[in-house]
Amino acid sequence: VQNEIISIIGKSTLGVLVDDKIVQLSGDDLINYLKTIPSDAIQKIEVITTPPAKYEAEGNSGLVNIIMKKAKENSWNALVQSTYIQKTYAGQATMGSFNYNKNKLSFTSVINYRDATDTFKNNQETYFSDNLWYSSNPFKINAKSLNLNVGVNYKIKPWWTMGAQVLYVQNKRNFDSKPYTSINDYTSGNVNSYLASVVNAKLKPNIKSYNFYNDFKLDTL
């Protein structure tokens, strides 16, 4: 992961799966969704450099498969976790999961809520022959996200499983910035002119994904 872009070395494209099901998201939507998945709910992550035919991978592509934790056979488990985050501003995250597996029915669910604020400072000085340009761009981002992942499977036959998966992500991002640039005279040290502005942006991307599937095993392979 570099600059919020996920890639596999040597692969031109990348697909992301959750429990073997393709996530039909890309770009910022995919990044925002992955940020809401709590690590404690993940069993393992598979990197598939040579995707099998069932994934219909196009060209020179790779896959990342996120396997969520499940209940063992004929059992259930639940988890509740809360985290306090302290940086310049305080934040918090809360996660809960419930997994059930008995007889032919299995059920998995994860819900995660996160509320955190980050602040950044970016100062720059540009020297010209007759004056100095000083730029300051402090900005603050408040991000609230709610993630829900629910899956259910029913084993109709030993070789036939039917199931459904629902993904829901709600993001609220408030971006506040006050960029300021001044032109300073070398001789007097005075500010000859300046440019100041106020930026406030609110983004509310919501993601809903529904997946219904039948899985047939035609032979022992």
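Can you put I6, I111 in order of accessible area, largest first, using a 1.4 Å probe?
I111, I6
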For the chain, set up a Gaussian network in which alpha carbons nearer than 10 Å are linked by springs, and say which option among V150, V23, V47 fluctuates the most. V47
Rounded to the nearest Å, the spacing of the alpha-carbon centers of segment 142-165 and segment 35-108 is 11 Å
Rounded to the nearest 10 Å², the accessible area of D176 at probe 1.4 Å: 60 Å²
The chain, Gaussian network, Cα under 10 Å: of I42, I156, I141, the residue fluctuating most is I156
Surpassing 18 Å at the alpha-carbon level, of the pairs K54/K155; K144/K202; K155/K208; K140/K208; K21/K54, are K54/K155; K155/K208; K140/K208
Distance cut-off 32 Å, percentage of C-alpha pairs in the chain lying past it: 39 percent
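What is the percent carbon and sulfur in the accessible area of segment 73-196, measuring with a 1.4 Å probe over the protein chains and ignoring ligands?
Carbon and sulfur together cover 56 percent of it.
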Taking a ≥ b ≥ c as the square roots of the Cα gyration tensor eigenvalues, with a/c under 1.5 meaning rounded and otherwise prolate when a/b beats b/c, else oblate, which class fits segment 1-131? oblate
Show me 8-17, 95-104, 76-85 ranked by packing, highest mean number of other Cβ atoms within 10 Å first. 95-104, 8-17, 76-85
Using the heavy atoms of the protein chains alone and a 1.4 angstrom probe, what is the accessible area of the chain per residue in square angstrom? 67 Å²
Rg(Cα)/(2.2 N^0.38 Å) for segment 96-136, N = residue count: 2.98
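The values are calculated or read from the model by the stated rules, or taken from the named source; none is laboratory data. These figures come from a predicted structure and were not determined experimentally. When we count neighbours, we look across all protein chains shown, and the Cβ atoms used for this are built from the backbone with ideal geometry, even at glycine. The accessibility values were calculated without ligands, DNA or RNA, using every heavy atom of the protein model including side chains. Shrake-Rupley method; radii C 1.70, N 1.55, O 1.52, S 1.80 Å.
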